[in-house]
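Asks: The following block contains the structure, expressed as structure tokens.
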């Protein structure tokens, strides 16, 4: 991916080296998937039909609900002053460029549909930090918090993505960000709050099924971003394969097989490797949010 010298997003908070602390507030945390808790999202302008279908069939978005006083918020830690080398290193610039690319993609899509896209912020942290969804730790992996509309990532995750998940490459790293931004798109249309409201009526089985569908849609949205990025002529040979490999390596079956040696399909909540790669490819091929309807299809 030829990213150097391109526009960087200004919606970046660099909290690396600022220390951790316990955030206040309940809410939802939506990580990309590390084989543990529940995650979800939904999204896309014009998905009113999805809202009706999902509301009728399911309940809440199956996520990790953190304790704390409702409505509370984490303390914002500003970017380190003085242009430190940490704030200006190559990886932080890369993340800012990728976020800018997602802004270009979704600003255009929303505008074409007569809506305004509210850009999320991206928080880079090291070790731990506060979020409006609670205490964020590196072990959680990258995640999106709808309470403050921010994506959180410890850049050390990229080393883990390369070593543990066998998913190297800058476009694999970019896919991680695009997936979390996909959850932000889902949040903007009000689906996540709706799921939260209805969560008491959802069984564990339905929660897992819905989690898979919302995660696959975020993968599809990431594919739409990849298509728009490709159209700019900045992709290099092998980039798409890097993203598809990353989607494959973080499938529920792949993670369970890697961590425990066997798979338990009924515990899946993100989708299989095949499903995640397939829906990324759907977004990449179609480039249309309406093609990302993971809710009305029985064939995921």
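The values are calculated or read from the model by the stated rules, or taken from the named source; none is laboratory data. These numbers were taken from a predicted model, which means no experiment stands behind them. Glycine also receives a Cβ, built like all others from the backbone with ideal geometry; neighbour counts cover every protein chain displayed.
Asks: All but one of (1) more than 23 Å from residue 159 (Cα to Cα); (2) crowded, with 21+ Cβ neighbours inside 10 Å hold for residue 246; which doesn't?
Replies: Result: residue 246 passes all but (1).
Asks: Also: Would you confirm, using the coordinates I've provided, whether residue 203 is farther than 12 Å from residue 283 by Cβ and within 14 Å of the chain's Cα centre (by Cα)?
Replies: No, not satisfied.
Asks: Going through the range 238-257 one residue at a time, which ones are free of Cβ contacts under 8 Å to residues at least 12 places away in the same chain and under 23 Å from residue 174 (Cα atoms)?
Replies: Within the range 238-257, just 241 meets the criteria.
Asks: Next up: Whether any residue in the range 161-171 is without any contact (Cβ under 8 Å) to a residue 60 or more places away in the chain, closer than 30 Å to residue 258 by Cα and assigned to a helix (DSSP H, G or I) is what I want to check.
Replies: Yes, some residue in the range 161-171 is without any contact (Cβ under 8 Å) to a residue 60 or more places away in the chain, closer than 30 Å to residue 258 by Cα and assigned to a helix (DSSP H, G or I).
Asks: Turning to a different aspect of this structure: Looking at residue 153 and the list (1) in a helix (DSSP H, G or I); (2) under 12 Å from the mean Cα position of the chain (by Cα), which single condition is not satisfied?
Replies: Every condition holds for residue 153 apart from (1).
Asks: Is it the case that some residue within the range 181-190 is more than 19 Å from residue 94 (Cα to Cα) and modelled with pLDDT under 90?
Replies: yes
Asks: Residue check, residue 64 against (1) touching a helix residue (DSSP H, G or I) at 6+ places or on another chain (Cβ under 9 Å); (2) modelled with pLDDT of 50 or more, all met but one. Which one?
Replies: Among (1) touching a helix residue (DSSP H, G or I) at 6+ places or on another chain (Cβ under 9 Å); (2) modelled with pLDDT of 50 or more, the lone unmet condition for residue 64 is (2).
Asks: Same structure, new question: Tell me the residue from 256, 231 that is under 25 Å from residue 109 (Cβ atoms) and either surrounded by fewer than 17 Cβ atoms within 10 Å (Cβ to Cβ) or over 17 Å from the mean Cα position of the chain (by Cα) (or both), please.
Replies: None of the others qualify; the one that does is 231.
Asks: For the range 259-276, how many residues are surrounded by fewer than 21 Cβ atoms within 10 Å (Cβ to Cβ) and within 30 Å of residue 111 (Cα to Cα)?
Replies: 0
Asks: If the Cβ limit is 7 Å and pairs must be 6+ apart or interchain, which residue in the range 274-294 that is in contact (Cβ under 8 Å) with a residue 60 or more places away in the chain and on the phi > 0 side of the Ramachandran plot pairs with which residue that is assigned to a helix (DSSP H, G or I) and surrounded by fewer than 22 Cβ atoms within 10 Å (Cβ to Cβ)?
Replies: Every condition considered, the pairs that remain are 287/227.
Asks: Here's another thing I want to ask about it. Could you tell me whether residue 115 is closer than 26 Å to residue 286 by Cβ and in a helix (DSSP H, G or I)?
Replies: So residue 115 fails the test.
Asks: Oh, and also: When the residues of the range 118-136 are filtered to those that are part of a loop (DSSP other than H, G, I, E, B) and in contact with a helix residue (DSSP H, G or I) (Cβ under 9 Å, 6 or more places away or on another chain), which remaining residue is farthest from residue 224 (Cα to Cα)?
Replies: 127
Asks: Sort out which residues of the range 137-160 are touching a helix residue (DSSP H, G or I) at 6+ places or on another chain (Cβ under 7 Å), in contact (Cβ under 8 Å) with a residue 60 or more places away in the chain and surrounded by fewer than 23 Cβ atoms within 10 Å (Cβ to Cβ), and write them in order of number.
Replies: Those that are touching a helix residue (DSSP H, G or I) at 6+ places or on another chain (Cβ under 7 Å), in contact (Cβ under 8 Å) with a residue 60 or more places away in the chain and surrounded by fewer than 23 Cβ atoms within 10 Å (Cβ to Cβ): 155, 158.
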